[in-house]
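Please read the structure below before turning to the comments.
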Amino acid sequence: MASAKTLTPAEISMIKGMLSLAPRPKDQQILAHFTRPDRDLNHRVIGQIRKTARTGAIAPASETAVRAFMIANRLRPHQDASDFAKISPGPTGSKIDLRFLLLDWWPVGQGLFSSGALLAENGFRFNWVYDCGTSAKDSFLTAAIGDCQSRWSSLGMSKIDLAILSHFDHDHISGFTRLVRSAPIGTILLPYLTQLQRLVLALQQGVSADDAEFGFYLDPVGYLRGLEGGEIGDIVFVLPSDPDDGVPPAPLDPVPDYPGSPEVRLKYPRTDAPEATDDVHSQTAANLRVYYLERRGVITVPFVWEFLPYNDASVLPKVTKAFEVQASRLMKDLLTKPAARAVTLAALKSLYIKHFGKSSKNQNLISLFVYSGPLDQSAPLLWQDSDRPIGLRTGGNRFAQMYTGDGTLGAGKQTADLENHYRPGNRLSRAGVLQVMHHGAEGNWHSGLAPILNPEASIFSSDPDHKKLKHPNAAVLRDFWPYHPVQVDQALGLHIVCAF
């Protein structure tokens with residue numbers, strides 16, 4: 001049996017940190033993290049660490065480091081404790097503070113539910129969600145939401161700091177109501193669409209006037225605010241991007257010794273509501289804490305992280321003046337005559353088909369792209385571990401993420417506009433973790449796109465066994481094959497723990 005003498009200072013520091021947790025793990029649970037095929041530990045080790053003078057000079061690892069270590073050990077056993085409890089040389093054995101990044105793509109089948117969290121040893125905490133929905137069995141989503149909340153609860157997180165919805169399709173929003181009701185949300189980020197555009201989306205999704213989700217399409221702010229048990233801070237709309245707007249600013253300078261307050265207030269530039277909007281929520285925005293992100297605006301988590309959204313409006317159906325005039329009359333009836341909503345919605349659908357036809361190519365493909373990454377452009381990835389093979393490399397700085405939802409990147413101008421938007425700060429080149437557009441659908445991609453984006457890991461969140469869709473498409477998968485494709489489906493997720 002091995003004794004405390006065989007443990008490294010980092011392992012002793014980590015065990016001391018575990019002994020300080022509340023609730024405190026059992027001795028056997030603690031030792032399981034340090035037992036290896038070539039080293040068997042017994043319960044006497046815990047007593048030796050408590051009492052032996054040899055370990056007295058080694059400080060306990062922080063709760064943040066301990067929690068990150070325990071999560072990483074579940075992904076891959078026998079983690080090196082020195083990666084988490086950085087002990088400097090010398091008799092004092094003082095610690096070097098680390099920042100941890102947790103990224104999760106949860107197994108929900110044909111849909112998307114992704115989350116991230118930032119932890120620092122000075123107490124800083126921040127988390128986010130990007131989409132939460134599925135068209136597969138709802139039980140997959142229920143289990144994933146429960147696992148996500150359990151993970152965050154173990155890290156001392158009781159709220160969602162930022163929730164992002166890329167667009168309004170069912171397989172991206174079907175679980176969002178549960179998220180709102182399950183935990184307070186600091187900020188919700190949505191792509192801006194006019195009421196007419198949202199109702200067209202509802203028609204394309206087959207949403208009826210009797211469906212609970214119809215209220216979300218009619219008035220998303222009123223719907224979200226009206227959810228029983230929900231607690232929402234700000235609702236922020238991202239206006240359509242336009243190349244004439246110029247490019248976003250480069251990242252702010254990071255602050256090395258940022259304040260350790262666990263309470264984080266996002267910072268972002270605001271602008272006025274669009275002049276021509278006829279939305280219900282725009283009339284009462286001042287009372288509902290509804291805001292509009294300034295074009296090219298960057299959302300900053302002081303003083304560590306940033307989110308840069310991109311709302312490509314070029315994919316919206318081009319409506320004629322005649323369609324707008326006729327549709328506006330029907331929309332007025334939807335708002336003022338609730339009893340006749342089913343009939344009015346059917347009339348709006350007929351009007352839509354008359355102008356656009358039934359072809360799927362006319363589907364509204366708008367989706368909010370979001371870059372998520374550190375303010376420090378040179379921050380290196382100190383190490384990473386995941387439960388699936390990925391291409392992230394220690395020592396590099398390409399651990400930022402690019403979320404795409406169901407976005408489209410066609411050849412030529414569409415991809416060039418995206419590149420231009422993310423050029424400042426080399427954001428696109430630093431986005432090594434890519435969520436591939438629309439589950440890997442061929443219609444949202446063009447040949448040769450993968451080398452342009454050049455990701456370290458390419459994540460396909462889909463159900464390859466879906467009877468109809470069969471995502472990802474074989475041609476898309478071949479294009480991304482050299483870029484570490486990872487399939488996230490109803491059985492397997494992807495979970496990553498990093499330090500930087």
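Every residue, every condition in (1) under 30 Å from Ser350 (Cα atoms); (2) at pLDDT 85 or above, yes or no:
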residue	(1), (2)
Gly206	yes, no
Glu228	no, no
Phe237	yes, yes
Val255	no, no
Pro274	yes, no
Leu293	no, yes
Arg296	no, yes
Trp305	no, yes
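Give me a count of the residues in the stretch 166-180 that are farther than 17 Å from Ala144 by Cα and in contact (Cβ under 8 Å) with a residue 60 or more places away in the chain.
Selection size over the stretch 166-180: 3.
Does Ser447 fit the bill of being of a type in the set (S, T, N, Q), modelled with pLDDT of 95 or more and either touching a Lys or Arg at 6+ places or on another chain (Cβ under 8 Å) or open to solvent by less than 10 Å² (accessible area, probe 1.4 Å) (or both)?
No, not satisfied.
Among the residues of the stretch 434-442, is there at least one that is crowded, with 19+ Cβ neighbours inside 10 Å, in contact with an Asp or Glu (Cβ under 8 Å, 6 or more places away or on another chain) and closer than 27 Å to Thr394 by Cα?
yes
Which of the numbered conditions does Leu119 fail, given that it passes all the others? Conditions: (1) open to solvent by 10 Å² or more (accessible area, probe 1.4 Å); (2) more than 13 Å from the chain's Cα centre (by Cα).
Result: Leu119 passes all but (1).
Name every residue in the stretch 180-195 that is open to solvent by 20 Å² or more (accessible area, probe 1.4 Å) and either modelled with pLDDT under 85 or closer than 20 Å to Ile299 by Cβ (or both), in order of residue number.
Pro184, Thr194
With the requirement that a residue be within 12 Å of the chain's Cα centre (by Cα) and open to solvent by 10 Å² or more (accessible area, probe 1.4 Å), what does the stretch 122-163 give you?
Asp161 - this is the single residue of the stretch 122-163 that is within 12 Å of the chain's Cα centre (by Cα) and open to solvent by 10 Å² or more (accessible area, probe 1.4 Å).
Pairs please, first residue from the stretch 26-37 and closer than 11 Å to Ile15 by Cα, second anywhere and open to solvent by 80 Å² or more (accessible area, probe 1.4 Å) and outside any helix (DSSP H, G or I), Cβ atoms under 7 Å, 6+ apart in sequence or on different chains.
Going by the 7 Å Cβ cut-off, the qualifying pairs are Asp27/His43.
Do we find a residue being surrounded by 15 or more Cβ atoms within 10 Å (Cβ to Cβ) and in contact with an Asp or Glu (Cβ under 7 Å, 6 or more places away or on another chain) anywhere in the stretch 419-427?
No, because not a single residue in the stretch 419-427 is surrounded by 15 or more Cβ atoms within 10 Å (Cβ to Cβ) and in contact with an Asp or Glu (Cβ under 7 Å, 6 or more places away or on another chain).
In the stretch 221-235, what residues are assigned to a strand (DSSP E or B) and crowded, with 19+ Cβ neighbours inside 10 Å?
Matches in the stretch 221-235: Ile232, Ile235.
Step by step: first the residues of the stretch 387-400, then only those that are open to solvent by less than 20 Å² (accessible area, probe 1.4 Å) and in contact with a His (Cβ under 9 Å, 6 or more places away or on another chain), then the one that is farthest from Arg430 (Cα to Cα). Which residue is that?
If we take residues in the stretch 387-400 being open to solvent by less than 20 Å² (accessible area, probe 1.4 Å) and in contact with a His (Cβ under 9 Å, 6 or more places away or on another chain), then Gly391 is farthest from Arg430 (Cα to Cα).
For the stretch 357-373, enumerate the residues that are at pLDDT 65 or above and buried (at least 19 other Cβ atoms within 10 Å of the Cβ).
Ile366, Ser367, Leu368, Phe369, Val370, Tyr371, Ser372, Gly373
Output the number of the condition that Ala411 fails; it satisfies all remaining conditions of (1) farther than 25 Å from Ile299 by Cα; (2) open to solvent by 40 Å² or more (accessible area, probe 1.4 Å); (3) modelled with pLDDT under 90; (4) not charged (D, E, K, R).
All conditions are met except number (3).
The values are calculated or read from the model by the stated rules, or taken from the named source; none is laboratory data. It should be emphasised that the depicted structure is a prediction, and the values quoted were computed from it without experimental measurement. Virtual Cβ from ideal backbone geometry, glycine too; neighbours counted across all protein chains shown. Quick note on the areas: whole protein, heavy atoms, side chains included, nothing else; ligands and nucleic acids left out. Shrake-Rupley method; radii C 1.70, N 1.55, O 1.52, S 1.80 Å.
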